[in-house]
Amino acid sequence: MSAAVAPAGTAVRSAKRAQPEGSAIRHFLRSGVTYWGAMLAVGACNLGFSLIAARRLGPSAYGALAAIVALVNVFLIAASAITRTVTVVVATADDRATGASIFRRGTVAAAGAGVVAMFLVGLAAAPVAHALHMQDPVWIWIAAASLVPAFAGAVTTGILQGLRLFRASGGVNLTAAVLKLITLLLLLDAGLGVAGAGMATLAEVTLIWLVAIPLLHRMFRGVRETPARAGAARHGSLALPAALTVARLVFFNLDILVARHYLGPEDAGLFAALAVTGRIIAYGTGALPPVVYPYLVRHRGDAGLMTRYLALCLAATAVAGGGAIAVLGLAPVSVVRVLFDSAFSGIAPYVAWYGLAFLLYSLSYVLLHYLLAVENWWVWVYAVGGGLAEVGALAVFHGGIGRLTAVETVFFGILFILTSAQTAVGLRRQRRAAAASTAA
């Protein structure tokens, strides 16, 4: 890069960082509303997928499908470390040259890493299938195959989110979710049952990657990358994003796998349906952390602005989640009958409590994104320590659906208290450091 170009680029980026606080908040709100709306529609499609599968398959077969889907989700969540790393690099550079460099070089490399990961996971197919009471290890291989498109799609998703192109990102996810639902209906009508539902799940993973490719090709047409930008993209650290990946992996999926291991087929299917009702809240608010994250990265030197972003995100999560819990608490039997059928009526006493558990999870997850944005290594403590604590508690108190629900609610309540305290301490330190710098 020539000496004449560098100051100009620096000036442009400085101007972007120096935009008025009100303008930054308005941009954040527009992006948040757009992406949230799209992801709510995605959540509705995913809910429809679960409800149709549960009604058509029945509790026992649906329990088997839920275990397969949870296993796929475990593998997919591993790809989120790539997404968040790419998001940090692109959001920090804040130009399309960096995005073009990562798209042209990183997508192929990520797909290659997915192939390697698929074979490594496949080596454990037999013992994993035995632990989940699956007769055929081929299901583990099929779930592992999701790693290839998931890793490649993680790169494209990170580019879109890093450039704060949430309309495009939401559109990609919504298109994939709609096509997944259509695929499910076609395969169930063809009599494929659990196999068809499993294939529909893998179709969504592949579509999220494929739909984004022509979009990014058009976006980066004629964009020239520079060696400096490419080098910065290659050296993004995976350490902290991997911590958040570990946290989401254990917090969001392993309860279903634990239930599948310890409970009988019927109760495992009932617990899987209960998990769907609780995860409605997580699905409904899950679009918010990816929206707030690049803004926190861009403005991590401004404690006041970061506080506003977090307050807006937490308030929206609490309002949306609180409304859902009110419905679950006031009419649990009706909710279960509408969502499922009379075969699942045994979960009615627990739906509000499980909803509360995942509201606390959702609030904690927002706060973990703040710790990640400011590169606070406590994220690893919460991820590893919290994950071990949750899995250990579920293993010890596995006497039935009620006990598993109580464990999840108490655990996520403790996690929210700890992450709230850690965030408050971090913001206070940022304000003090800013005040000291101003005084000096």
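Since every read-out is calculated from the coordinates, none of them should be taken as a lab result. Model, not experiment: these values are computed from the prediction. Don't worry about glycine lacking a Cβ; one is built from the backbone with ideal geometry, like all the others, and counts go over all protein chains shown.
Taking Cα pairs under 8 Å and at least six residues apart, what relative contact order does the chain come out at, in percent? That works out to 22 percent. Mean-square fluctuations from a GNM of the chain, with a 10 angstrom spring cutoff on Cα atoms, peak among Ala373, Ala131, Ala203 at Ala131. Just to confirm a number: summing +1 for Lys and Arg and -1 for Asp and Glu over residues other than Trp380 whose beta-carbon lies under 15 angstrom from that of Trp380, what do you get? Result for the neighbourhood of Trp380: +1.
Once both labels are positioned 7 Å from their Cα atoms along Cα-to-Cβ, the gap between Tyr262 and Ala435 label points is 4.8 nm.
Stretched out straight at 0.36 nm per residue, the stretch from Val384 to Arg403 would grow longer than its current Cα-Cα span by 4.6 nm.
Direction-averaged projected area, Cα convex hull, the stretch 84-156: 5.1 nm², rounded to one decimal.
Sorted ascending by nearby beta carbons within 10 Å, beginning with the fewest, Glu204, Glu375, Glu390 become Glu375, Glu390, Glu204.
The slack between Arg300 and Arg26, meaning 0.36 nm per residue of separation minus the straight C-alpha distance, is 96.9 nm. Estimated purely from DSSP H runs of n ≥ 4, each contributing -39500 (n - 2.57), the mean residue ellipticity at 222 nm for the chain is -29000 deg cm²/dmol once divided by its residues. Reducing the stretch 412-440 and the stretch 341-395 to their Cα centroids gives an inter-centroid distance of 22 Å.
Computed from Cα atoms, the angle from the helix 80-93 axis to the main principal axis of the chain rounds to 20 degrees. With a simple spin-label model that places each label point 7 Å from the Cα along the Cα-to-Cβ direction, the separation between Asp189 and Ala421 comes to 5.6 nm. Rounded to the nearest 10 degrees, the inclination of helix 386-396 to the longest alpha-carbon principal axis of the chain is 10 degrees. Its Cα gyration tensor gives the stretch 237-433 an equivalent ellipsoid. The semi-axes, each the square root of 5 times an eigenvalue, are 32, 19, 12 Å from largest down.
Relative to the first principal axis of the alpha-carbon coordinates of the chain, what is the inclination of helix 5-17, with its axis defined by its Cα atoms, in degrees from 0 to 90 and to the nearest 10? Roughly 60 degrees, rounded to the nearest 10.
When the chain is treated as a GNM with alpha-carbon contacts under 10 Å, the residue of Thr87, Thr277, Thr307 showing the greatest mean-square fluctuation is Thr307. Calculated translational diffusion coefficient of the chain (4 °C, 1.567 mPa s; Stokes-Einstein with Kirkwood radius over alpha-carbon pairs) equals 58 µm²/s. Among 114-126, 288-300, the peptide with the highest mean count of other Cβ atoms within 10 Å heads the list, and the full ranking is 288-300, 114-126. A simple spin-label model places the labels of Phe119 and Ala318 5.1 nm from each other, with each point 7 Å out along Cα-to-Cβ.
If you take all other residues with their beta carbon under 10 Å from the beta carbon of Cys45, and give Lys and Arg +1 and Asp and Glu -1, the sum is 0.
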